[in-house]
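What follows is a single structure, written as structure tokens, with notes after it.
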Amino acid sequence: MSIGVQKVAVPVRVMPEAEGLELPRYETAQSAGMDLRAALADQGRRQVVIEPGQRALVSTGLRIALPPGFEAQVRPRSGLAVKHGVTVVNSPGTIDADYRGTVKVALINLGDEPFVVKHGERIAQLIIASVTRGEWQVVTDLPETSRGTGGFGSTGQ
């Protein structure tokens with residue numbers, strides 16, 4: 001891996017529907033995310049069809065145990081989004097360190113054609129990230145900025 005890249009051990013349990021599939025991995029030395037694969041074998045089927053405008057919750061067949069202070073983010077794959085209009089509904093989806101259930105991906109088809117998700121297909125990316133927790137400090141006034149309260153397009157087109 002590259003200099004400056006933090007590593008953390010993440011225990012993973014492979015469920016029966018994902019047996020034989022590759023574990024998520026970084027495709028290049030500079031990749032930030034690992035590709036997640038659809039694990040459909042337990043459902044007696046090898047594919048799921050997502051019609052235009054429809055959603056599907058697709059299992060990865062993996063359960064993970066993130067260490068305290070870390071989260072996993074489920075993000076869309078750019079190729080699926082650009083080529084087929086398929087993306088992650090709640091992007092980024094957050095997996096908390098205390099979650100032990102199967103990682104699933106909520107996909108939506110924003111394209112014009114049905115999209116077929118096949119067993120073993122790469123469907124999303126997983127990013128492991130450190131967590132920073134904010135602590136609220138109630139004040140009567142906030143520091144001024146040149147932008148002020150302008151939002152939703154106020155800084156340009």
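Things worth noting here:
- Candidates Gly79, Gly93, Gly120: whichever shows maximal mean-square fluctuation once the chain is modelled as a Gaussian network with Cα springs under 10 Å: Gly79
- The chain, helix-only ellipticity at 222 nm - DSSP H runs n ≥ 4, -39,500 (n - 2.57), divided by all residues, nearest 500: -1000 deg cm²/dmol
- Contact order for the chain, expressed relative to its length and based on alpha carbon pairs under 8 Å spaced 6+ residues apart, stands at 28 percent.
- For percent of Cα pairs over 28 Å apart, computed directly from the structure shown, the correct entry in [x] 35; [y] 24; [z] 14 is [x].
- Charge dipole of the chain (Cα centre as origin; +1 on each Lys and Arg Cβ, -1 on each Asp and Glu Cβ, all else neutral): 380 debye, rounded to the nearest 20.
- Efficiency of FRET between Val82 and Glu19 - r from beta-carbon atoms, R0 25 angstrom, step 0.05: 0.20
- The residue among Ser146, Ile123, Leu66 whose Cα reaches farthest toward the positive pole of the charge dipole of region 56-153, with charges on the beta-carbon of Lys, Arg, Asp and Glu, is Ile123.
Values quoted throughout were computed directly from the atomic coordinates according to the rules given, and no laboratory measurement underlies them. What you see is a predicted model; the values in this text were computed from it and never measured. Glycine gets a Cβ as well: all are built from the backbone with ideal geometry, and neighbour counts include every protein chain shown.
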